[in-house]
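Participant: The structure's right below; bear with me while I get my questions together.
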Amino acid sequence: RRPAFYPTFSAFFGILTLCSIGITIREYRFLKTQAAVTHAVKLAHFDAERLALSSLIVNQTMTSVADVLGGIQAECTLTDPVIVAATKDANMALDKAMASVSKYSSLAQSVPEKLVRLQGILRKLGPYVVWVPMIPQLILGSLSLLIVVPAMATALIRGHHAARCMDLSLMPLGFLSMLALIVVTVIAAGELAIGIAGSVVCVDVDHTVLEYARLAPEKQRMDVAQAARFYVKGDVLNPLEEYIDEALMYIEAIVDLYNQFKFAVDLIGLSCLPILHADVPMVAGNARTLLAAGRKLVSAANVWPYYDNLVHKTFCDGMMSSIAFLIIFQATVGLVLFPIASFRAHQFLLRRERWQRALHEAASARAAKCVDVLDPGLEATPTSASASAVCCRC
């Protein structure tokens with residue numbers, strides 16, 4: 001019976017279809033994840049730059065206030081003990097405010113640099129994350145084409161040696177198939193290891209993030225660890241908010257001192273022009289506005305969505321499910337369906353060879369009978385066999 005080619009063709013066509021679907025799904029999911037991560041990182045970087053800029057402006061503002069007070073003490077002769085005491089109190093409050101603003105500014109200005117580094121890492125790893133998992137699909141798709149095309153050609157050729165020649169020509173592909181299976185196994189094993197490591201991390205990802213925060217530079221380690229715990233757990237105070245609140249408190253103290261001794265300050269200003277040039281309420285108002293805006297940026301309501309989106313939803317939910325899908329897909333297609341389809345193609349070629357040989361032998365037998373009938377002494381050559389076969393059919 002003539003062997004059917006359709007099961008073999010259907011098997012390899014299914015593999016090619018699955019490989020195409022796998023590549024499409026992988027690319028779509030990666031582009032979707034990349035767009036979400038890029039958008040979140042850009043928004044976080046924008047807020048971080050605003051935070052760093054506001055902290056820098058506040059720091060410069062406080063420095064200018066300190067310079068003004070220093071100029072007043074250097075150029076003006078303050079004889080009133082009350083004014084002298086008030087000036088000392090203002091200097092003390094200003095020093096404490098500047099210390100708080102300096103710590104706040106140091107932490108705020110380090111955030112944009114880390115986010116830029118994260119963007120660079122994501123940009124470099126992007127092509128590898130997309131194409132390395134696709135290597136098995138590309139290899140299996142190429143080998144499937146190399147196998148199914150000769151098998152299809154055999155189905156169209158009637159020569160009884162065609163199937164045998166095609167089967168022998170596909171023998172070198174066995175070595176390539178073994179290499180492909182090894183590559184698929186290695187990549188699937190690597191993805192499995194990454195998936196296991198990621199799953200272990202995601203079992204308690206918040207704890208992992210807190211431990212990673214302890215690796216910050218020594219000068220900022222305590223503040224970074226406390227800030228990370230505030231944003232992740234919420235059971236401690238935010239050091240950034242504490243520094244902002246301290247700076248606001250000391251600024252308010254300076255403004256209160258200025259308002260309390262405003263009449264005396266105006267009198268002294270007649271003989272000391274730097275006092276008249278020091279517009280403390282305006283400077284303090286600008287500083288308060290910038291610090292209030294910074295406090296909104298460092299609040300949990302603003303930072304937590306970034307963390308939840310990047311860590312919980314994108315990494316633990318999206319990437320882990322994508323890795324699980326890749327492992328199952330590659331193991332199914334590469335280690336189950338492809339060997340079965342290859343074995344089925346080999347069986348088809350063998351059956352096709354037997355069938356073609358049987359047809360050839362049957363035709364030769366019929367030709368020999370015709371030769372014996374027509375001329376018993378004539379040797380059954382291919383030419384005479386063909387002619388006799390024609391005569392017998394006639």
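The values are calculated or read from the model by the stated rules, or taken from the named source; none is laboratory data. Here the structure is a predicted model, which means the values were calculated and not measured. Just the protein is used for accessible areas: all its heavy atoms, side chains included, with ligands, DNA and RNA removed. Shrake-Rupley method; radii C 1.70, N 1.55, O 1.52, S 1.80 Å.
Participant: Which order do Glu252, Glu218, Glu113, Glu353 take when ranked by solvent-accessible area (1.4 Å probe, heavy atoms of all protein chains), largest first? Intermediate results must be reported in sequence, preceding the final value.
Facilitator: Working: Glu252 70, Glu218 150, Glu113 110, Glu353 20 Å².
Accessible-area ranking of Glu252, Glu218, Glu113, Glu353, largest first: Glu218, Glu113, Glu252, Glu353.
Participant: Keeping all protein chains in position, work out how much accessible area Asp308 exposes to a 1.4 Å probe, and write it in Å² to the nearest 10.
Facilitator: Taking all protein chains as shown, Asp308 has close to 30 Å².
Participant: So which aspartates and glutamates pass the test for Lys369, namely a Cα distance under 15 Å, with those fewer than 8 places away in the same chain ruled out?
Facilitator: Partners within reach: Glu361, Glu379.
Participant: Ok, one more. Can you list the lysines whose alpha carbon is less than 17 Å from that of Lys103, not counting same-chain residues fewer than 8 positions off?
Facilitator: Lys103 reaches Lys219.
Participant: How much of the accessible area of region 1-41, probe 1.4 Å, is carbon plus sulfur, in whole percent? Can you show the working numbers first?
Facilitator: Working: 1680 of 2540 Å².
Whole-percent figure for carbon plus sulfur exposure: 66.
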